[in-house]
Every structure is written in C-alpha cells, then in structure tokens.
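Only the coordinates and a few stated rules stand behind these numbers; no lab work does. None of these values were measured; they are calculated from a predicted model. No Cβ is skipped: glycine too gets one built from the backbone with ideal geometry, and neighbour counts run over all protein chains shown.
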Amino acid sequence: MPKRPDTLETALLALELLRRIPRNRKIAASELHEQLKNAGHDRDLRSIQRQLEMLSTHFEIERDDRSKPYGYRWKDRASGLSLPVLSEQESLMLALAEQHLCNLLPSSLMKSMEGFFQQAHTNLVQQPTGKREREWLSKVRVVSTTQPLLAPKIKPGVFEAVSNALYANFWLDVDYRNAAGKRKDARVMPLGLAQQGCRLYLVCRYEGYENERSLALHRISSAQASTLSFERPKNFDLQKYDADGRFGFGEGKRIRLTFRIDKEAGLHLLESPLSMDQEVREIGGQFEIHATVVETAQLEWWLRGFGNQVSDVRRLAASEA
C-alpha cells in the first residue's frame, strides 16, 4: 500500500496551490502540477486534482466543470490567500520586478511567481499603509533613448518554449524566417536571451556548428523544446558576446575612433563617455573625441545620426593606435 502523505506535507501542498491559483483567469490542474514540479514539489497530478476539489469547497474558489480539464480561479470578490510576511516594500519590489523582468525570466518561473505578484498588487491596492509604495509606481519609469517603437508580435508559445529550453539546457527546434524572408527549420542550442529596446533575441548555436548567432524571437514561427539536454559550452560568455558588439552587428574588432562633433551635439559625451579611455579636446566650437570602441554597424548608424554635426571621422585598429 502506498504511503499516505503526512498532515504537514498536505498542508504545505494546499498553501502552494492557494498561492498559485489566479484571480483574473482560470488555471487547470495540469498547469499547477507543472508549476509545482518546476518549483521542486514532486507530487502526482491526481494528488493535485484531489487537493483542488477539496480547496474549492472550503475557499472562495470557482471551479469551471463544464468541460475537461476543469479550470480554477478565485472568485471576483474573494480576499484570496493573505501572505502576512509580504510587506509593503516587498510588494513594491515585486510589482516593479514583474514589469521589468517579464521577458528575462523563464516562462515557467514567471507563472510559478504569479501568486506572489497577485498578492503584491493586492497589498498595494488594499492596504492603507501602502499609500507611498503605491504612489511610487507612478513616480518611476524606464524611458527609451531612441524613438519609441511598438514591440513586434511574438507568435503564441514561442517565448515559453524558448525560455524554458534555455532554462533547462534543452535543444530547441525552431522554424525561423530571417530578415530577407527565407525560412529554415533548425535545431539550435539556446545559450542566452537579450532584450534590445523592444525586441528579444535568442543567442544560440545551430546543431553541428561552433559559432553563435542571434535569432529575433518575433521571426520564429514556431518553437518546440526537445527532451534532449546539452552541456553548456564553457567558452561561451553572454557578457563578452555583448561586449564584443555582437548585438550591434559587429565581430569584436576593437578600433581607435577619432572624430569631431559640434559642442551642442557632443556635450552628452562628456557626461556619458564612449569608453574608459576616452580623450576630449576643445577645438573652436567642436570637441575632438578619441576613444577605443568595438567596430559595429550600430556605431556607424550612431555617427550618421548626427549628420553634418560630426566630421573628420577616422578609424585605426586598436593595435595600431
């Protein structure tokens, strides 16, 4: 006869389920089972289903049993599960984290945190002592340094498959369309995820190749994580990949850049230098800038953006400077 779970274990499972049941949508037992599994709670699906049936009779939880799988959600006016250890300050931090980390965390992890995010919003809205924390959300904002653009649409299920494969080190099967419109089915090794402005890019290696490429997520028509795992390459470093200018369409070549820029247009470079070794000379109504940078297409676009305010552009290989 299988061993029955003890009372403490059952109570902890019930608390985990109550914390994860959403308020604004229905969730199936299978999704909750997956969330708990990802969080390290190894319980079978039938146990989850039994607990949900019990909870829906004792708490203000609505069960939609019109069709299978059944869906569960907190009723509209239900108080939900209170988490007294979540202070107003912690609620504020979670609300900000939800806004700015939603595209940088695995989809499964974001879903497992759903209960905390909901409780954070509830605390900020309902707690009279959280007025200052609630106001803080309207006092801070991340702003773009370029012309704001709407984020390109990512096909349903793509981000979930990509982030989960990246998280678990699983090979990923993708149907990808490049900028020229050419489509290709490929198996890739996901190595990193980067947000550049409003776009998301997957850094990966194609099966059978040793070099890295960046795939725009909005150009992936479909993605499916395989069950085959891989050993993450020890020679890959996402921070170095970025420092080498790969997201700016470069190949890591460092140059000594010199140019002149009108003082009005170049004042910000005195406050935000191009590099640690930047040197500035004043020549009449211009600044002459010397800096070691990575040669990229993005650098060229940046220089061209100043029009005739920039002149006398020179480039030398860093080793020759």
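For region 246-317, what mean projected area does the convex hull of the alpha carbons give, in nm²?
On the way: hull surface 18.5 nm².
Average projection, Cα convex hull of region 246-317: 4.6 nm².
Using only the alpha-carbon atoms, what does the chain span along each of its principal axes? Please give whole angstrom values in decreasing order.
Result for the chain: principal-axis Cα extents of 83, 54, 33 Å.
Using a Gaussian network model of the chain with C-alpha springs under 10 Å, which one of P106, P156, P148 is most mobile by mean-square fluctuation?
Between P106, P156, P148, it is P148 that shows the largest mean-square fluctuation.
In debye, nearest 20, what is the charge dipole magnitude of region 246-317 about its Cα centre with +1 on Lys and Arg Cβ and -1 on Asp and Glu Cβ, if you could check? All intermediate terms of the calculation are to be shown ahead of the outcome.
Working: 10 positive and 11 negative charges, 58 e Å.
The calculated dipole for region 246-317 is roughly 280 debye.
Using only helices, what value at 222 nm comes out for the chain when you add -39,500 (n - 2.57) per DSSP H run of length 4 or more and divide by the total residues, to the nearest 500 deg cm²/dmol?
Working: 11 runs with 111 residues, N = 321.
Value at 222 nm, helices only, nearest 500: -10000 deg cm²/dmol.
Compare K131, K182, K240 in a GNM of the chain, Cα atoms joined below 10 Å, and give the one with the largest fluctuation.
K182
Given axes a ≥ b ≥ c from the Cα gyration tensor, I'd like to know whether region 158-243 is rounded (a/c under 1.5), prolate (a/b larger than b/c) or oblate.
Numbers: a/c = 1.40, a/b = 1.10, b/c = 1.27.
Rounded, because the longest to shortest axis ratio a/c is under 1.5.
Quick check: Cα centre of region 17-79 to Cα centre of region 258-274, how many Å?
57
Would you mind telling me which residue in R63, R304, R43 has the biggest mean-square fluctuation in a Gaussian network model of the chain, where springs connect alpha carbons within a distance under 10 angstrom?
Among R63, R304, R43, the largest GNM mean-square fluctuation belongs to R304.
Suppose each label sits 7 Å from its Cα in the direction of the beta carbon; what would the R183-E231 distance come out to in nanometres?
Spacing of the two 7 Å Cα→Cβ label points: 3.7 nm.
For region 114-229, how many pairs of lysine residues have a Cα-Cα distance under 22 Å, where the two are 8 or more positions apart or belong to different chains? Could you put the intermediate results ahead of the total?
Values: K131/K139; K153/K182; K153/K184; K155/K182; K155/K184.
Going through region 114-229 pair by pair, I get 5.
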